[in-house]
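Chemist: Below: one structure in structure tokens.
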Ligand code: PMP
């Protein structure tokens, strides 16, 4: 216990201690956090669907027919017709042959990667990939070679100098930077070097591409180019769960081998039913995506004019780069004093010295909401200057 306590103290002293807040009421930009109303710019509900009445109603309408609990794993007796319908719907939505519904994106990445690569194989993983990909790589027991973020020359050299089975895995949209992986180049390299390409499009599904079909469709990439697509449903889709989509043979293989699919209780089927409704809205309502694009453009223009350092991102993930942990915390706290919630992201979630405020925009934000954030950022801007002067 003493060692644990010492480690917690160390974290506190380094500005790395993580805290939770208690939210009451529905998830939407106007939150109640520990009893205090705040305007949030840090959720992944990019389309504002997490509390959409049609989706909530779809879940409650389904429940008298499905009950609530999943009751068992999919392979025992938990695989409900609502799950089955969602898988058919997800395959059609992503323009793929088939899809498999997982309980979370974390589990989809862990399960798929560890099933598709094993001892003696090599996994090539972008240095900025999500934690669940990193953990999937570890679980697989394959050799892992991390390539510098987005560096296709480095990856080409690594692939050329490695034999045996190869798997390349990348975020589609990088979760902390907001940039998009060079997907076409990745697909070409994998084809050339006979490597299996896995793309985790957690932050692209619903947001990018025609009708929100994701990063791969946006770039004209098919199942032949990228055999394994992973997506989460708890972000832009507004519900919960995740999926892997691709050739039927691969899905059959995952049903046999993906431990995070096999050994866990199926998600409540009503969530699957509600997700189908969400996908209908996502396909139908382009207006959410066009409003989101206006917000993104306005934020980038104004925040850059205020002198904030941004990342090359055209997605709703718009980090403000700060650097040291304490400055990131100070900026986040100053914004909170003004009624705005933008959490500070620190190592190990991001590399050392790259603490930031991860601003995320949502179609549920109005232009007036965004103006409020920009005015508050302008007021807080001097804080960063005085902090960096202190650091010097
Ligand atoms: N992949 C990426 C790129 C993510 O950002 C996240 C969530 N932060 C996940 C996977 C995990 O998804 P889920 O929240 O559904 O477990």
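Just so it is clear, none of the values below were taken in a lab; they were calculated from the coordinates. Only a predicted model underlies this, so the values are computations on that prediction, with no experimental measurement involved. As a convention, Cβ positions derive from the backbone with ideal geometry for all residues, glycine included, and neighbour counts pool all protein chains shown.
Chemist: Nearest 0.05, what FRET efficiency do residue 222 and residue 71 give at R0 = 22 Å with Cβ-Cβ as r?
Modeler: Once the sixth-power term is evaluated, E becomes 0.05.
Chemist: Give me the percent of DSSP beta bridges within the chain that run antiparallel, rounded to the nearest 5.
Modeler: DSSP beta bridges in the chain are roughly 60 percent antiparallel.
Chemist: Please compute the modelled spin-label separation between residue 385 and residue 4, points set 7 Å along Cα→Cβ, answer in nm with one decimal.
Modeler: If labels sit at residue 4 and residue 385, their model points lie 4.6 nm apart.
Chemist: Let me ask another. Quick one: length gained pulling residue 293 to residue 16 fully straight, 0.36 nm per residue minus the C-alpha distance?
Modeler: Gain in length upon complete extension: 96.4 nm.
Chemist: Would you mind putting 83-96, 265-278 in packing order, based on average other-beta-carbon counts within 10 Å, highest first? Walk me through the intermediate numbers first.
Modeler: Numbers: 83-96: 20.0, 265-278: 24.6.
Going from most to least packed, we get 265-278, 83-96.
Chemist: Taking every DSSP beta bridge that has both residues in the stretch 3-148, what percent is antiparallel when rounded to the nearest 5? Before the final figure, lay out the partial values.
Modeler: Numbers: 6 of 11 bridges.
The antiparallel fraction comes to roughly 55 percent.
Chemist: Per-residue counts of other Cβ atoms within 10 Å, averaged by peptide: what ranking do you get for 135-142, 20-27, 229-236, highest first?
Modeler: Order by mean packing, descending: 229-236, 135-142, 20-27.
Chemist: Give the peptides 145-152, 313-320 in descending order of average Cβ contacts within 10 Å, highest first.
Modeler: Result, highest mean first: 313-320, 145-152.
Chemist: Moving on to the next point. Considering only DSSP beta bridges with both partners in the stretch 53-284, what is the antiparallel share in %, to the nearest 5?
Modeler: 40 percent
Chemist: Take the alpha carbon atoms of the stretch 281-347, find their center, do the same for the stretch 250-275, and report the distance between the two centers in whole angstrom.
Modeler: 34 Å
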